[in-house]
Amino acid sequence: MSDKVVKFGGSSLASAEQFRKVAAIINGDPKRKYVVPSAPGKRFSDDIKVTDMLYKCCELAGSGVDFTDDFQLIKDRYNGIISELGIDMSLDEEFDSITKELKARPSKDFAASRGEYLNGKVLAKYLGFNFVDAADVIVFDTKGSLLLDETVKAVRERLSSLDNAVIPGFYGKTTEGYIKTFSRGGSDVTGSIIANAVRAEIYENWTDVSGFLVADPRIVENPDVIEVITYRELRELAYMGASVLHEDAIFPVRSAGIPINIRNTNRPEDAGTMIVSDDYNFSRESIKHTITGIAGKKGFSTINIEKAMMNNETGFGMKVLQVLFNNGLSFEHMPSGIDTMSITVSSDKLDPVRDKVIAELRKAVAPDHIEIEDGIALLAVVGRRMKNTRGTVARIFASMAHARVNVKMIDQGSSELNVIIGVSENDLPEAIRRIYDMFINSEK
Ligand code: ADP
Ligand code: ASP
Ligand code: MG
């Protein structure tokens with residue numbers, strides 16, 4: 001019998017009521033042996049995630065400000081869950097040692113990791129499962145990159161003698177012994193690593209929506225669920241802001257051929273979304289639309305360079321890229337014409353070196369005109385079937401024209417898996433809704 005790894009996100013574990021649903025799901029299938037919890041998330045829309053509360057405590061501690069009141073709110077969250085569930089345990093010793101550590105060495109990663117650590121302790125006790133500290137099995141190098149092989153080995157060794165385990169998500173330990181977290185949403189990555197290590201038959205990722213949706217439900221009302229999606233499509237969408245699943249959660253399971261199933265803790269009867277290998281044999285019935293999904297991300301700038309006949313100038317692109325490289329900037333897209341080139345970069349990364357980059361570009365390629373445009377959003381229309389369907393780009397343009405959205409940039413990846421368009425940030429929600437109408441509503 002092979003096992004299932006189940007990861008539960010923050011909202012799935014935000015309250016005692018949610019813990020009960022989670023326990024029912026786990027107890028409903030004996031294969032669900034390895035459980036990866038997040039820290040308690042939001043119970044209602046303007047609630048605060050425990051992770052964010054911990055970051056705040058750490059910030060206060062770092063500036064030497066008393067954080068007792070803020071930390072009390074965190075204690076209240078856990079104590080509320082423990083008492084409501086009637087679990088016989090106390091986290092007081094843990095709370096004390098975390099407070100002491102924050103006062104002595106306020107490390108952001110350590111602080112944030114305690115959210116999943118404590119939740120893991122509570123969940124393990126509630127389920128009657130073994131608790132395995134992620135710090136003992138998830139290994140990072142001194143620079144903070146995951147050491148996958150070492151980690152898989154450590155997880156296997158540790159889990160081989162256990163029938164079940166709760167392993168907190170989001171963090172591990174460096175080879176020097178410091179607690180280190182993944183980036184935000186990183187419990188998804190932990191789940192994926194554990195699934196790889198135990199060669200799980202499936203990695204179930206339980207959240208608060210009934211699967212990967214065609215578009216962000218905060219933008220499109222009641223979007224369709226994607227029944228089956230390939231890893232590659234999902235990665236494109238995740239990278240472009242469809243934040244259901246951390247983009248780094250794909251590699252560990254993809255290489256092992258383990259499917260991911262996104263499920264809804266609040267509606268366990270729903271089938272959710274299956275994420276499958278790129279060569280998966282799709283049945284005809286499962287193919288409903290030309291595109292698979294739409295996602296968008298704000299916070300980009302374009303560097304627009306104009307120079308007459310730049311296309312004839314050997315090494316032009318190379319000189320431009322050299323300047324970006326010298327300033328540690330990576331670029332997202334770089335469409336170019338005969339006299340123009342526009343390079344899309346993340347505004348956050350550009351900001352500290354903005355003037356320097358312009359000055360160096362002027363020197364390197366002597367442009368006729370150069371300017372930076374901020375407030376750009378990138379929108380990705382993703383789908384493995386697009387390359388065999390004529391007129392997709394025309395339809396995207398038509399929907400933008402109807403919405404009077406000005407398309408600032410367009411780039412079709414060489415894989416023909418996606419079309420990326422640049423629009424003004426203010427236009428992003430409307431652009432997504434129009435594309436949804438064009439490809440999903442009108443194809444029904
Ligand atoms: P968890 O805490 O379970 O890890 P997340 O908040 O990280 O959950 O991810 C689930 C949320 O992602 C949903 O509640 C939804 O608001 C958001 N989301 C954004 N884009 C999509 C999409 N395309 N499909 C589903 N959910 C999406
Ligand atoms: N609790 C962490 C966060 O809020 C990790 C996660 O939820 O996956 O980012
Ligand atoms: Mg998440």
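Summary of computed values
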item	result
Subset tally (residues that are touching a helix residue (DSSP H, G or I) at 6+ places or on another chain (Cβ under 7 Å), open to solvent by 10 Å² or more (accessible area, probe 1.4 Å) and within 14 Å of ligand 3 (Cβ to nearest atom)) for the stretch 239-249	3
Contacts under 6 angstrom Cβ, first residue in the stretch 176-188 being farther than 21 Å from residue 206 by Cβ, partner more than 12 Å from ligand 1 (Cβ to nearest atom) and part of a loop (DSSP other than H, G, I, E, B), 6 or more apart	176/142; 180/144
Subset tally (residues that are more than 18 Å from residue 266 (Cβ to Cβ), within 14 Å of ligand 3 (Cβ to nearest atom) and part of a helix (DSSP H, G or I)) for the stretch 1-55	3
Hits in the stretch 79-112 - residues which are part of a helix (DSSP H, G or I), open to solvent by 50 Å² or more (accessible area, probe 1.4 Å) and not charged (D, E, K, R)	79, 83, 97, 104
Residue tally, condition among the small types (Gly, Ala, Ser), open to solvent by less than 40 Å² (accessible area, probe 1.4 Å) and within 16 Å of ligand 2 (Cβ to nearest atom), over the stretch 40-78	1
Restricting the stretch 384-413 to residues that are part of a loop (DSSP other than H, G, I, E, B) and of a type in the set (Gly, Ala, Ser), the residue that is surrounded by the most Cβ atoms within 10 Å (Cβ to Cβ)	403
Residue count for the stretch 264-289, restricted to those that are touching a residue at least 60 places away in the same chain (Cβ under 8 Å) and either part of a helix (DSSP H, G or I) or within 16 Å of ligand 2 (Cβ to nearest atom) (or both)	1
Listing of helices (runs of 4 or more DSSP H) fully contained in the stretch 295-383 that carry 3 or more residues being touching a Gly at 6+ places or on another chain (Cβ under 9 Å), closer than 24 Å to residue 235 by Cβ and at pLDDT 95 or above	347-350
Filter result for residue 175 (of a type in the set (Ser, Thr, Tyr) and within 14 Å of ligand 2 (Cβ to nearest atom))	no
Check on residue 415, among the hydroxyl-bearing types (Ser, Thr, Tyr) and without any contact (Cβ under 8 Å) to a residue 40 or more places away in the chain	no
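The values are calculated or read from the model by the stated rules, or taken from the named source; none is laboratory data. As the structure is a computational prediction, the values presented were derived from the model and not from experiment. Methodologically, a virtual Cβ is constructed for each residue, glycine included, from the backbone with ideal geometry; neighbour enumeration extends over all protein chains shown. These area figures cover heavy atoms from the full protein model, side chains too; ligands, DNA and RNA do not enter into them. Shrake-Rupley method; radii C 1.70, N 1.55, O 1.52, S 1.80 Å.
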